[in-house]
1. Rounded to two decimals, what ratio of Rg to Rh does the stretch A:847-916 give with C-alpha atoms and a Kirkwood Rh?
2. Reported to two decimal places, what Rg/Rh ratio describes the stretch A:892-958 when computed on Cα atoms with Rh from the Kirkwood expression?
3. Using Cα centres only, tell me the gap between the stretch A:422-496 and the stretch A:252-278 in whole Å.
4. Expressed as a fraction of 2.2 N^0.38 Å, the rule-of-thumb size for a compact globular protein of N residues, what is the C-alpha radius of gyration of the stretch A:937-1010?
5. Please report, to one decimal in angstroms, the Kirkwood hydrodynamic radius of the stretch A:430-525 built from all distinct Cα-Cα pairs.
6. Once the Cα atoms of the stretch A:15-149 are picked out, what are the Rg and Dmax in Å?
7. Quick one: go through the stretch A:951-982 and flag any residue whose amide nitrogen is under 20 Å from the point 7 Å out along the Cα-to-Cβ line of residue A:747.
8. Ranked from highest to lowest mean number of other Cβ atoms within 10 Å per residue, what is the order of the peptides A:947-953, A:218-224, A:456-462, A:767-773?
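The values are calculated or read from the model by the stated rules, or taken from the named source; none is laboratory data. All figures in this text were calculated on a predicted structure; none of them were measured in a lab. Neighbour counts are summed over all protein chains in view; Cβ atoms, including those assigned to glycine, are modelled from backbone coordinates with ideal geometry. Just so you know, the surface numbers come from the protein's heavy atoms only, side chains and all, with ligands and any DNA or RNA stripped out. Shrake-Rupley method; radii C 1.70, N 1.55, O 1.52, S 1.80 Å.
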Amino acid sequence: MLDKNYDAKSVEPRIAKRWDDANAFAAGAGAKPDADPFCVVIPPPNVTGSLHMGHALNNTLQDILTRYKRMLGQNVLWQPGMDHAGIATQMVVERKLAEEGKRRTDFTREEFVEKIWEWKAESGGTIFNQLKRLGASCDWSREKFTMGEKGEADDPMVQAVMKVFVDLYNEGLIYRGKRLVNWDPHFETAISDLEVENIETKGHMWHFKYPLADGATYEYVEKDENGNVTLRETRDYISIATTRPETMLGDGAVAVRTDDERYAPIVGKLCEIPVGPKDHRRLIPIITDEYPDPNFGSGAVKITGAHDFNDYMVAKRNDIPMYRLMDTKAAMRADGAPYADDAARAMEIAKSGNTPDENTVDAINLIPDDLRGLDRYEARKKVIEQITSEGLAIMVPETDPRLGPVKAPLAPEDGDEVRALVPLVEKKKMQQPYGDRSKVVIEPMLTDQWFCDAETLAKPALAAVKEGRTEFVPKSWENTYFNWMENIQPWCISRQLWWGHRIPVWYGPAHPDRRGTPEGKGRQMFVATTEEEAFEQAKKFYEGYEVVLNNNVAPGAAATQLGDEEPRYFEMTISRDKDVLDTWFSSALWPFSTLGWPENTKELQTYYQTDVLVTGFDIIFFWVARMMMMGLHFQKEEPFHTVYVHALVRDKDGQKMSKSKGNVVDPLDLMDEYGADALRFTLAIMAAQGRDVKLDTTRIAGYRNFGTKLWNATKFAQMNDVPMGQDFDPTTATSPLNRWILTELGRAAAEVTDALDRYRFNDAAGAAYRFVWNTFCDWHLELLKPVFNGDDEAAKTEARAVAGYVLDQIYALLHPFMPFMTEELWQQTANGRDTLLCHAAWPTAVVDDEAAADSINWLIEVVSEIRSARSEMNIKPSLMVPLVVANGDNETRSLFDTHQAAIERLARVETISFADSVPDGAAQIVVSGQTICIPLAGLINFDAEIARLDKDLKGIEKDIAQAQGKLNNEKFVANAPEAVIEENKARLADRQNRREKVLAALARVRDSQS
RNA sequence: GGGCGAUUAGCUCAGCGGUAGAGCACUACAUUGACAUUGUAGGGGUCACUGGUUCAAUCCCAGUAUCGCCCACCA
């Protein structure tokens, strides 16, 4: 016998262990011979991670699918693993070190990386244990890590990444170059566009004068829309607006639109950057470009190619030098020659109009000595001060509307004009880029990075979805995918971090004997999947020279001269690239790297293409798109045929859960309180497509109660000797009640199955819920009671067998949603069950008996109506009442005979009799065209009875009016489908019949009252 | 600036061309045998607004309002 209560806390670990001991989720476990494979790869959680609601939802859905497919007998693999999560992990470990008062830079790179591995060993299993608590049926023996077991170079997980890099490099799809990238000054690394969040912030726009060189002047004319001159003055400057004054130091030009008449007179002239030591002011040219918008600001834009993405494009187009102003921490540069020297050098460049190579330009430091080393915002303040104090800020009256509402203008009194002039500093909302992890303002920075030609890789990935080989569910996400893929930019894949896959490129010096050829110039690259291979390449390249490998020297350092006497003998040192790859580069390979690629393993052959990817929309770009690209490129087949995109779990008020907001709901707490099954069921039933899940904990309690209900239903079965786990053929059942519940079971199973096949998790859970609670518990079990209490032994035997069968099927049907409790019930309810429920067969419909269904549905209606009438008449529940069926036809009599015991028990009826007329002083119920009476003279309150019948009548008449209205409408009859017309006709006939009966009943009540 | 989504019972959400549903909350009643983590009965909604299409609109179309998200280079 079951315990009084289901105790999730003790059952869940026990069942989990049982699955574990049985290896129940090993790839292919429980599969039929030659079964179709079904494979899902887990979105790998961060190694630093701990289970949050997003994981709980994501993994619940995957588990529902894999358990369902496993029960269908398919060859199932749910592949688990973790992601090394470069920045996130490095951040966590750095934070940990900070607690000990240490910094990353207190260690060597090797030491620090070793610390991360230690940390992984220590706490890396946390999230898997949490996933196991949730019931995730992954093949845990196949756990993978994006960095391999220990990061060894020959680990297949590492080799997969290396091979992909090398292959793409050899195909020209990966290249290195100096580009403007998003630079995170906190982590001191480049990041990709996707890792930047644009946040609206309050900023300012300053307006400054850039004086024309040599005191030149021009006539500045402004016109309105109609061409009338609104302003004409002689100027010796050009007005420039900027939100980032500190970048003025790196300006390479001022650009105006080609057709901007205002500036036509000065195009091609030089102007002066109004900051820095007076005697070394730099002059820059005024150029034309299509980029400036004449209607914005002054129409003239300063061009700082090294610190702004737009300017970068302009500078490239016009061969304007790009001067890098900041260091890796976004502080103003303090390296290189004194300002005077470098400024002079820049002047020469500007005058010559020939921009030297990028490394030469990069070496020039244009930060005035007094600003060197300052933080970029400190520098901004100083720059503004200096320009303003020199009188080069554009001045406007205090009343200028551009100053914004903050500065209250002095009201011009008694014709006074202007009280004062102030610098024009517009208050302005602007989109500011922030690092999504560091939350620090991103700095566009000109650096050497590795890029992947995403545009080329995206083409097949785009076509795969366009042509339907991979489908998104819900489909609307495909537009998001298309939009991004069609506008995809080169993917910056290098990161200046310590934790990650180190880029498999080794650098050596220029070849000493090949001056004047590419091999004899600059550093040489050896791209190889292993160090040995790179070494071999280098040896071949530097044939005749000594080659050594030393990763501690700067990559591509000059050849070392060996021996004083033999100057022709050099040592060629090669050293590996210091950078690591973007984490998503390795994640992109997940669907095939986890299956053993680059080796052609049996798993790869069996399970690739995988089936469904279940993921949140926030990583469609980061991950899904890149898996599509890499999967198609390296396997020539999409990594999955379906992408199920679920919503974000938000808090009750629709806010994204975040630690900083303090609104995080911890799924572990919820599992402690309600059990894993209740949490899972809630997430499943709330996972409607296309909408966020706003989690309301009261619902979890509700579904916990659902589990209790099932538990108690099973207890009831046990108390009535219902046999479970029998080999019973349900088609042999004969009684209407049994055939009815089998019919309902089949319908429910079909509904759940269909919903799961369409990824309608909420519909699936809802259908199972309704069947178990509202059909099986509310009616079938109640209707069984009179059978079990009766003395028809044959009927009891069949009823028990059917009840046992249905319960077994219920466990199976609910198992994907509530695996722990159902497995526990499965194990406890039958002796000698040698199977695990997780491997049991998925329910299918075997009995569909319309007549039996009609019969029981009639019974349910009668009972419900009697109960309703009793309640409204305030007849005490304890009072057993007689029932008189007036003018019943034979069919009705037979139904009452069949269901006599059930009606008596469920409606608390003492006797059922038949009469030719309605007895006096009776409550009258009209159901299925029959008038049923409760003759309780004296107990019936006539007013209440009249009110009840009136209410009934009103509803009926409303129905009649509606149905009649439709049927009288010629257009309706002409256009509506036959079924709808029939439905309305039937409704009308039924209501008319009932109206007659109810009117008669009303008349009788009124009669007896008078 | 572009795109997407939402607006349904007091709350959190399903439904989506043929007479509105769930969970929680609420009201009344019921505690001798599966279950108070319960049962029975009930109250509560012009399905944001305005037009249109249709025999029929909560559902389709257009527009409005409010809210939310994603993308975007206006200095």
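1. On the way: Rg = 12.8 Å, Rh = 12.8 Å.
Checking Rg against Rh, the ratio lands at 1.00.
2. Details: Rg = 13.2 Å, Rh = 13.4 Å.
Checking Rg against Rh, the ratio lands at 0.99.
3. The stretch A:422-496 and the stretch A:252-278 have Cα centres separated by 33 Å.
4. On the way: Rg = 16.3 Å, N = 74, 2.2 N^0.38 = 11.3 Å.
The value comes to 1.45.
5. On the way: mean 1/r = 0.0564 Å⁻¹.
Evaluated on the stretch A:430-525, it is 17.7 Å.
6. 17.6, 59
7. Residues A:979-980, A:982 qualify, since their backbone N sits under 20 Å from the label point.
8. Values: A:947-953: 17.4, A:218-224: 13.6, A:456-462: 19.4, A:767-773: 21.0.
In descending order of packing, they fall as A:767-773, A:456-462, A:947-953, A:218-224.
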